[in-house]
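All of the numbers you see were taken from the coordinates with simple rules; none came from a lab. Keep in mind it's a predicted model, so treat the numbers as computed, not measured. Methodologically, a virtual Cβ is constructed for each residue, glycine included, from the backbone with ideal geometry; neighbour enumeration extends over all protein chains shown.
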Amino acid sequence: MKNQYTFDKDFNLRRVTHSVRGMLWTCTKWIITTASLAAFYYILFSFFINTDEEKKLKRENKMYAKLYPEMVQKERLIADVVDELQLRDDKIYERIFHAKAPSVDPHNSMTFVFAADSIEEKNIVEYTEKKLQLLTAASDTVGTSFKSVFENMAKPAVVKPPMKSPIEGLKYAQVGSSVGQKLNPFYKVLAHHDGVDLIAGQGTPVLATADGVVTDVRKSGKGLGNVVEITHEGGYVTTFAHLEDIVVRKGEKVKAGKKLASVGMSGNSFAPHLHYEIRKDGKIEDPVNYMFGSFFPEEYMKVAYMAATTGQSMD
């Protein structure tokens, strides 16, 4: 290191000496100055200059901020629909099986999974034992309900609704619009649809969905076309429309699964299909609610979805 010189106040040339303390203070000032500048430039760049990833995240945040209110409304609507479907499902269960529908809250069972993360290790055994007792009690309730259902179904006096499918081997893709306001394919206006449209090839056998008596056979080139009506015990009446080749007659007793006619397109029919109706004590029922016994659960979910979302009828 070269020696440095300077003039003192008397203009005498003297050699500059550096103390350790002075050198440390100089280094500290340099470090503080450098860190302050680095922090300043970082803040400056972070506030005014965005990377491509930050720009993308900001755009996404703005989009989510716009969508959030709509998503909240949809969530509330879905919750209301689910509650309504649960109530409707309970009523159908009680009407068909003459027993109270089992009530098991799936969220309570899931609480066990998520709550375990926040439980202290010393309490996990006690917590598990309590949850096990609750689940055991819930399973006993379900078992009791099913036992009651089976006992009621085994009684000869119990009236069994028309629960068979009117078309053998029916798939969910063959299910059209069900009961409700649907678009008429001919007049292109909304009109009340009293049954469910089941799409099948012309000539496909149409089967009775429960034991009963044929109370009406009509042949017509208008409206529902050729029709067979069957009256069952318990106030149930089933109607089969747009038929061809009717093979039963009025007053005839039929068993569930008996062939009544073939699928056709008589009357005002947009394409070959079976229009199927169920009435209970004169009130229109949704046939889809009675067809779950003919499908596996996953398939029946698709059937219900197709029937509910198809907006245009075929007659």
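Observations
- Over 27 Å (Cα to Cα) - which of K280/K302; K62/K182; K74/K280; K66/K188; K66/K302; K91/K130 fall in this group: K62/K182; K74/K280; K66/K188; K66/K302; K91/K130
- 15 Å Cα-Cα reach of K258 towards aspartates and glutamates, excluding residues that sit fewer than 8 places from it in its own chain: E168, D211, E229, D245
- Per residue, the convex hull spanned by the Cα atoms of the range 222-315 measures out at 119 cubic angstrom.
- The trypsin sites (Lys or Arg not before Pro) found in the range 230-270 that occupy coil by DSSP, while having at most 12 further C-beta atoms within 10 Å, are R249, K250, K255.
- Scanning residues 5 or more positions from L190 or on other chains, those with amide H under 5 Å from its amide H are N184, with H placed 1.01 Å from N in the peptide plane.
- Sequence-distant residues sharing a close amide H with G223 (under 5 Å, placed H): N268
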